[in-house]
Each structure stands twice: as C-alpha cells, then as structure tokens.
Amino acid sequence: MAALATPLRHLLPAGAAPSRSPDPAMPPPTMHRHCALSPSRGRRLRSRLSASASAGPAGGRPTVLVTEKLGPAGLDLLRAFANVDCAYELTAEELRAKVSLVDALVVRSSTRVTRDVFEAARGRLRVVGRAGVGIDNVDLQAATEAGCLVVNAPTANTVAAAEHAVALLAAMARNVAQADASLKAGKWQRSKYVGVTLVGKTLAIIGFGKVGSEVARRAKGLGMDTIAYDPYAPVDRARAIGVDLVSFDEAISTADFISLHMPLTPSTAKLFDDETFAKMKKGVRIINVARGGAVDEEALLRALDNGTVAQAALDVFTEEPPPKDSRLVQHENVTVTPHLGASTTEAQEGVAFEIAEAVIGALRGDLAATAVNAPMVPTEALSELSPYIVLAEKLGRLVVQLVAGGNGVKGVKVVYSSARDPDDLDTRILRAMVTKGIVEPISSSFVNIVNADYVAKQRGLRITEERVLLDGSPEIPLDSIQVHLANVESKFTGALSDAGDIRVEGKVKGGAPYLTLVGSFGVDVSLEGNLILCRQVDQPGIIGRVGSILGKMNLNVSFMSVGRTAPGKQAIMAIGVDEEPEKEALRSIGDIASVEEFVFLKL
Ligand SMILES: NC(=O)c1ccc[n+]([C@@H]2O[C@H](COP(=O)([O-])OP(=O)(O)OC[C@H]3O[C@@H](n4cnc5c(N)ncnc54)[C@H](O)[C@@H]3O)[C@@H](O)[C@H]2O)c1
Ligand SMILES: O=C(O)[C@H](O)COP(=O)(O)O
C-alpha cells in the first residue's frame with residue numbers, strides 16, 4: 001500500500017524562497033531580497049489544522065457513504081479505517097437523507113453532489129471523494145462554503161482512457177461495431193465494411209496532457225505519424241515521445257485522424273465547430289474520449305452528412321446520456337460508447353484505491369495532493385490578502401492567455417513589491433492563485449493552496465518568487481504583483497518586457513484588482529469582465545474609431561486606458577468590455593491602419 005500523504009506537505013512546502021537575480025527590465029527597487037516561510041507560522045498552521053483532524057463524530061470511527069460501484073481494494077482500504085455504507089442508485093432525496101449521517105461521500109460521475117446535498121449534510125460531511133478526474137458533478141463552491149474538502153483521483157484512469165481512444169480509433173477504421181451489428185442481424189456484408197489502414201496515416205492529438213501523450217505512444221506503435229496541438233505542453237516532453245507540436249490549423253488540416261484530449265474549458269467549448277470542420281481534410285476521422293462539450297454536435301452532424309468527416313467515434317456527449325433519438329448517436333458513420341473511457345477493471349481498482357487513500361488522509365486531517373478545493377485557509381491571512389488573492393489569480397489567467405506557443409509554459413516568476421518585512425507577508429496563497437490562474441484555463445486540474453505546487457510540478461511549471469522591498473508604510477501588505485513568463489512566444493508582442501518575458505503587473509485600488517503594466521507599457525484598468533488590448537502607433541483619433549466600432553456592435557465599454565512609451569511612438573490601449581465581441585468587431589479593430597496588433601482576453 002502506498003503511504004498516505006504527509007500532513008500539510010503541500011500546504012507548507014519547504015524552501016519557499018527562490019533564488020533569482022532581479023529582472024533588469026523591472027523598475028529599480030529600493031532594496032531587493034528574498035524571503036523564506038517563517039517556521040513559526042508553519043508550526044502554528046500545522047497545529048491549528050491537525051487540531052481539527054480526527055475521525056468520526058466525537059473522535060469515533062468515521063462513516064463513509066459510497067454511492068457508486070468502487071473497486072474492492074479501495075473499499076477494503078476504506079473499511080479498515082471507517083464504517084462503509086454502500087448504497088447505489090439513490091434518488092436525490094435518499095442521498096439528502098443519508099448525507100447528514102456520514103463524514104465522507106465517495107462518488108463517480110453519476111451522483112450529483114449539489115448545493116442541496118451540502119445543505120442537507122448540516123456540517124457533518126467533511127470530504128467528498130470523486131473516484132475519477134472530472135468533478136463537474138460536484139458543486140465545488142457549495143463544498144467550499146460548507147467547509148467540505150473535495151478530492152479526486154486524477155491519474156489512475158489515464159491509461160484506460162488512452163486505450164479506449166485507441167480502441168475506438170481502430171474499431172472505427174475497420175467498421176467493427178457496424179459489421180458486428182450487421183452480422184448479428186443475419187447479414188454477410190464484406191464489401192460494405194471495407195476499412196482504412198492506420199499505418200502511415202497522420203494522427204493529430206489535440207491536448208497533449210496525461211491521456212494525450214499516452215495515446216501518442218500507442219499510435220506511434222501502430223505506425224501512425226503523430227502530431228499534436230497543445231499550446232501549453234512542453235516541447236521536450238513531446239520530442240521525447242517523437243511527436244511534433246504544431247499549430248491548431250496545421251494539426252486539423254493535415255490529419256487523417258484527430259483525437260481529442262483537452263479539458264472542457266471556456267476556450268475549448270465547441271472548439272470543433274463549422275469553421276474548424278471546414279479546415280479539415282475531406283474524409284477525416286474524429287475520436288472524442290475527452291468531453292462532449294468540446295464539439296458542436298450539430299456542426300459534427302453537418303460535417304458527417306457532407307462527407308467532410310468520414311467517421312466519428314464518441315465516448316462522451318454534451319448531454320449524458322444523450323437523447324434516445326439523437327441523430328448523432330444513430331448516424332451510421334458514428335461509433336459510440338457510453339462514457340466508458342475509465343471503465344476497465346484495473347483503472348477502477350486504481351481509482352478506488354487512489355480515492356480511498358485521499359479520503360482517509362483527508363479524514364485524518366492530511367491535506368492530500370489531489371484536493372480540489374481549499375477550505376482550510378487561515379482566516380487572518382485570508383481577510384488581509386483577499387483582494388490580492390483575486391488580483392493574483394486574474395494576473396495568472398491574463399498572462400497565460402497572452403501565450404502563443406513556443407516551448408510551452410515552464411518558467412513563471414512572481415515579483416511582489418512591498419514595504420513589509422518578508423517574514424510578515426505569507427505569499428504562498430498568492431503563488432497558489434497565480435498557479436491557479438495559469439493552469440486552470442488550460443487543463444482539467446483544479447488548483448488551490450493545497451495542490452498548487454503539486455500541479456505546477458506535474459506540469460513542469462517552475463514558479464519562482466521574488467520580493468522587492470520598498471520604502472514606506474508596512475500597513476498595506478503589497479504595492480504590486482508582477483507575473484513574468486519566460487521563454488514563450490506571445491500572441492501580443494506588446495506584452496513582452498525588454499528581457500523578452502511576457503510581463504503583466506497589477507495593483508489593488510479601492511479593494512479592486514487593477515492591471516497597471518503590460519510589457520513595458522503602463523496602463524490603469526480594472527480587471528473585470530473582458531479586456532481588449534491593442535498596440536498602435538500613438539496618434540489622435542484611434543480611441544474614437546475603436547469606440548465607435550464597439551458602439552455599433554452595441555458593446556458596452558466599461559473603461560479605456562492608453563499607455564505609451566513616448567508621444568507619437570508606440571502605445572497600448574486597454575479596453576474593458578462587458579460582453580465578448582463578435583469576431584467581426586474584433587476583425588474591424590484589427591483593420592484600423594495604425595493598429596499593429598490586438599488581443600481579446602477573458603478575465
Ligand atoms: N472518457 C473518459 O472516461 C475520460 C477518462 C479520463 C479523462 N477524460 C478526460 O480527458 C481529458 C484530458 O484528461 P487528462 O488527464 O489528459 O488532462 P490533462 O490536464 O493531463 O491534459 C489536458 C491537456 O490539454 C491541454 N489543453 C488545454 N487547453 C487546450 C486547448 N485549448 N487546446 C489544446 N490543448 C489544450 C493542456 O495543456 C493539457 O496538456 C479531460 O477532459 C478528462 O476529463 C475522460
Ligand atoms: O473524468 C473522468 O475521470 C472520466 O470521465 C471517467 O468518469 P467515470 O468515473 O464516470 O467513469
């Protein structure tokens with residue numbers, strides 16, 4: 001049995017102090033020094049959190065409710081520590097009735113752990129364990145508000161999902177499901193079910209994370225030319241597997257087969273729409289074992305009907321189960337399975353064991369590496385830092401959207417400017433929130449103070465922190481936070497510092513987060529809603545032209561700020577808009593002669 005997580009290992013990482021020299025492009029600090037986590041604060045936190053750690057009510061044996069089938073080894077492990085109640089296919093009402101009698105709940109994807117469930121638990125439920133990766137069936141906000149830790153099992157089903165993708169790929173290419181149904185219906189249709197070979201064909205993997213890279217290894221073994229699109233994946237990891245990372249357009253336009261392995265995020269939702277299908281090779285074949293929402297299912301149907309897509313193999317659907325009369329499911333060129341990616345005996349054993357370990361650890365008061373929410377943040381740190389926590393996450397979210405590709409996001413530097421003694425400023429939660437902002441929009445990971453370092457390490461992200469000690473009053477915890485991404489290309493070159501890093505800086509003003517620096521351009525905009533950044537030659541009239549384009553589209557501009565290097569030279573305009581502009585509006589902004597580049601960012 002693997003060892004259970006060391007208490008607070010991930011909350012209190014050793015050696016929080018990085019050792020980097022100052023960025024020459026940064027404003028000159030009055031003094032610069034690095035900090036380490038104060039040992040006394042670490043001890044205080046440890047004892048406070050372990051004081052709350054015990055087992056069931058009044059320190060007795062805890063009770064765990066398991067609502068979906070789990071592998072026996074995981075159940076045995078749970079039984080060694082707790083009373084286990086296995087109750088499957090509960091109605092929502094039955095679940096609400098039971099949940100107030102248990103300390104932990106273990107589910108897969110069919111149990112909906114809604115706000116009602118947390119309310120019905122009346123404070124007793126301390127842990128929800130999701131035996132799998134996706135936790136869209138658990139209301140995380142409600143869990144956090146209820147002080148309930150949510151843990152998942154993010155790695156044990158990776159191979160199963162990859163094998164299922166390969167199984168679908170081969171089955172689709174050789175019409176296995178269709179031919180099986182035909183023969184069972186008494187037919188012998190050899191010429192109807194002539195397939196296509198895999199060897200020498202190009203497979204494009206979209207999303208080169210845990211599952212995507214395992215699919216790549218297997219596809220190479222089948223003799224397929226394998227390419228991948230993932231703007232955030234490290235090039236060296238792809239190279240080690242013999243996979244070329246290419247642009248999205250190159251991936252989809254050159255592939256004979258396309259396999260989806262990215263998470264469902266705002267930027268991947270319906271990524272496969274009419275426009276995307278139109279760029280594909282005629283006769284392409286698609287496999288989706290990721291999430292149904294990444295594909296516009298109506299557009300896929302059109303592409304199947306007009307022959308752009310020869311075949312599709314789908315394990316996941318926008319709505320699960322899909323409607324019985326779904327045209328997509330019934331389509332003769334579509335092979336379907338009912339979300340079976342993780343369903344192997346071995347994966348379910350692994351997932352059950354992984355989740356049992358995490359749930360037991362959490363009931364004991366350990367903060368597991370796979371925790372997906374963090375209710376246990378010290379209140380005093382939270383109240384003082386709360387506006388900076390928001391700022392840190394927004395800066396992370398913003399900076400990652402400026403990445404164009406290159407070597408993948410690896411080096412992140414967070415620079416805190418403050419007049420406060422480093423020992424009196426605990427930046428772990430800020431660093432965690434920068435990580436959260438960077439990682440969450442591009443992955444299926446959920447990041448918080450508990451798992452931020454773990455997630456960063458898993459993704460090969462090296463987060464370093466620097467302190468710039470300012471003169472002034474230590475009353476205010478921070479003057480500004482800068483986030484730098486090194487060795488990446490930017491889709492907005494105006495965001496590059498003189499040192500070539502993507503650099504953004506923010507401050508808290510009146511309790512709200514503001515963007516104050518982009519590359520070398522000073523700006524002053526509230527970090528709310530959506531942002532358009534334009535770089536242009538500084539000359540009169542541009543603000544009016546952009547404003548009138550947005551006005552014509554009926555888009556409400558919430559703020560505008562211009563930063564320039566010198567009059568008549570380069571300038572950056574930051575425009576806040578409440579809603580996402582149509583592509584046409586963005587195109588018209590790009591068409592203004594003196595606008596050299598622009599980017600739309602969701603905050
Ligand atoms: N069908 C199943 O039963 C099953 C089983 C396991 C996982 N999954 C799903 O598969 C997906 C991938 O899982 P994973 O464990 O490999 O996650 P992961 O986080 O390890 O990998 C996801 C990868 O997608 C990349 N990515 C993010 N945004 C992207 C974008 N816009 N374009 C291209 N790439 C992008 C990320 O950089 C990351 O490398 C998840 O959605 C997960 O829920 C499904
Ligand atoms: O997110 C996951 O882990 C997979 O989609 C599998 O989900 P399942 O536990 O419902 O099989």
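Remarks
- Ala219 being buried (at least 21 other Cβ atoms within 10 Å of the Cβ), part of a helix (DSSP H, G or I) and away from ligand 2 (no atom under 16 Å from the Cβ): yes
- Count of residues meeting criterion [within 12 Å of ligand 1 (Cβ to nearest atom) and open to solvent by less than 30 Å² (accessible area, probe 1.4 Å)] in segment 284-294: 7
- Filter result for Ser267 (touching a Lys or Arg at 6+ places or on another chain (Cβ under 9 Å) and free of Cβ contacts under 8 Å to residues at least 40 places away in the same chain): no
- Breaking point among (1) at pLDDT below 95; (2) surrounded by fewer than 14 Cβ atoms within 10 Å (Cβ to Cβ); (3) not charged (D, E, K, R), for Thr91: (1)
- Among the residues of segment 401-441, those that are more than 17 Å from the chain's Cα centre (by Cα), part of a strand (DSSP E or B) and under 16 Å from Glu466 (Cβ atoms) comprise Gly411, Lys413, Val414, Val415, Tyr416, Ser417, Ser418.
- Single match in Gly551, Gly576 (criterion: open to solvent by 10 Å² or more (accessible area, probe 1.4 Å) and either in contact with a Ser or Thr (Cβ under 6 Å, 6 or more places away or on another chain) or assigned to a helix (DSSP H, G or I) (or both)): Gly551
- Tally, over segment 316-339, of residues that are part of a loop (DSSP other than H, G, I, E, B), within 16 Å of ligand 2 (Cβ to nearest atom) and touching a helix residue (DSSP H, G or I) at 6+ places or on another chain (Cβ under 6 Å): 4
- Segment 346-355, subset touching a Pro at 6+ places or on another chain (Cβ under 9 Å) and either in a loop (DSSP other than H, G, I, E, B) or open to solvent by 20 Å² or more (accessible area, probe 1.4 Å) (or both), residue nearest to ligand 1 (Cβ to nearest atom): Glu354
- Hey, Asp103 buried (at least 19 other Cβ atoms within 10 Å of the Cβ), over 30 Å from Ala161 (Cβ atoms) and touching a residue at least 12 places away in the same chain (Cβ under 8 Å) or not: yes
- Residues within segment 124-164 that are open to solvent by 60 Å² or more (accessible area, probe 1.4 Å) and more than 16 Å from ligand 1 (Cβ to nearest atom), tallied: 4
- Residue that is farthest from Gly292 (Cα to Cα) [pool: residues in segment 185-215 that are within 16 Å of ligand 2 (Cβ to nearest atom) and not in a helix (DSSP H, G or I)]: Gly209
- When restricted to residues that are at pLDDT 85 or above and not in a strand (DSSP E or B), segment 509-548 contains 7.
- Cβ pairs under 6 Å, 6+ apart, first in segment 148-169 and more than 17 Å from Leu105 (Cα to Cα), second within 10 Å of ligand 1 (Cβ to nearest atom) and modelled with pLDDT under 90: Pro154/Val133
- Qualifying positions in segment 240-268 - open to solvent by 50 Å² or more (accessible area, probe 1.4 Å), touching a helix residue (DSSP H, G or I) at 6+ places or on another chain (Cβ under 9 Å) and in a loop (DSSP other than H, G, I, E, B): Leu264, Pro266, Ser267
Yes/no matrix, rows are residues, columns are (1) free of Cβ contacts under 8 Å to residues at least 24 places away in the same chain; (2) open to solvent by 20 Å² or more (accessible area, probe 1.4 Å); (3) more than 12 Å from ligand 1 (Cβ to nearest atom); (4) more than 30 Å from Leu300 (Cα to Cα):
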| site | (1), (2), (3), (4) |
| --- | --- |
| Thr318 | no, yes, yes, no |
| Val329 | yes, yes, yes, no |
| Pro338 | yes, yes, no, no |
| Thr344 | no, yes, no, no |
| Glu357 | no, yes, yes, yes |
| Ile360 | no, no, yes, yes |
| Arg364 | no, yes, yes, yes |
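- The condition (being touching a strand residue (DSSP E or B) at 6+ places or on another chain (Cβ under 6 Å) and either more than 19 Å from Leu531 (Cα to Cα) or within 16 Å of ligand 1 (Cβ to nearest atom) (or both)) is satisfied by just one residue among Leu470, Leu395, Leu391: Leu470.
- Which numbered condition Leu496 fails, given (1) under 17 Å from Lys410 (Cα atoms); (2) open to solvent by less than 20 Å² (accessible area, probe 1.4 Å): (2)
- Residues in segment 197-216 that are free of Cβ contacts under 8 Å to residues at least 40 places away in the same chain and open to solvent by 30 Å² or more (accessible area, probe 1.4 Å): Thr197, Val199, Gly200.
The values are calculated or read from the model by the stated rules, or taken from the named source; none is laboratory data. In this text, all values refer to a predicted model and were calculated from it rather than measured experimentally. For neighbour counting, all protein chains shown are included, and Cβ atoms are generated from backbone atoms with ideal geometry for every residue, glycine included. Heads up: the accessible areas ignore ligands, DNA and RNA and are worked out on the full protein's heavy atoms, side chains in. Shrake-Rupley method; radii C 1.70, N 1.55, O 1.52, S 1.80 Å.
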